[in-house]
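**Q** Structure in structure tokens, see below.
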Amino acid sequence: MPPGELKNTPTILYTLTLFQTGNRGKKREFIAVRVQDPRIQNEGSWNSYVDYKIFLHTNSKAFTAKTSCVRRRYSEFVWLKKKLQKNAGLVPVPDLPGKSLFSFSNDDFLERRRKGLQCFLDKVVHMTVCLSDSQLHLFLQTQLPVGHILDCVQGHTPYTVTDAILTYASSNRGYAQAQEEEPAKERSLTVSYESMERYTVMITCWVANYISDL
């Protein structure tokens, strides 16, 4: 087994949510989200962690990009839930799988956590109050760190939410298309970090140009 790669799980949860438009003959809207491929990052280091691939495909008008693929770790899901709950007010946001003292090498634990994260996202994309939150869209459709997501939503960045999503979608388009073509296959793929680096460079350039104009 290659370093940093965890054993493939026997089952991939693939959630497809259909929304009837209300008139017969009209195209249905759908949101398909998949959480899979847990991987150890910085293996052997004191700051090692596990992240998960999130693939999203939709024709919903609620989303800026119709396909996207990112990697997120559990602590980022915890951050997202807190932000969504704050904006949702009295509407309860679904629970996340709980923390555990099991090590990263425990495949059963990682599979339970993956299923729990899948269930969380499945419920969140059903909720209108969450779909209207830009933080969710930046979480699912960009690789921005959570601190930058907050800055972007609050208007403290030279790029808008839409800019960030479209730039990442453009830099990562080939990978997202490959996922879309074979959605039901059990595969072990990594996000194109070369694409992520190009995306990061573009965002950095925007920031540098913005600062130079101040």
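**Q** Considering (1) within 13 Å of the chain's Cα centre (by Cα); (2) closer than 18 Å to V33 by Cβ, say which one V146 fails and leave the rest.
**A** The failed condition is (2).
**Q** Moving on. Need the failing condition index for T162 against (1) assigned to a helix (DSSP H, G or I); (2) open to solvent by less than 10 Å² (accessible area, probe 1.4 Å); (3) at pLDDT 95 or above, just the number.
**A** (2)
**Q** Let me ask something else about it. List every residue pair whose Cβ atoms sit under 9 Å apart, with the two residues 6 or more apart in sequence or on different chains, where the first one lies in the range 114-125 and is under 15 Å from K82 (Cα atoms) and the second, anywhere, is of a type in the set (S, T, N, Q) and surrounded by fewer than 19 Cβ atoms within 10 Å (Cβ to Cβ).
**A** Taking only residues 6 or more apart or on different chains, the pairs are L121/T15.
The values are calculated or read from the model by the stated rules, or taken from the named source; none is laboratory data. None of these values were measured; they are calculated from a predicted model. Don't worry about glycine lacking a Cβ; one is built from the backbone with ideal geometry, like all the others, and counts go over all protein chains shown. When the accessible area is computed, the model is the full protein with side chains, heavy atoms only, and any ligands, DNA or RNA have been set aside. Shrake-Rupley method; radii C 1.70, N 1.55, O 1.52, S 1.80 Å.
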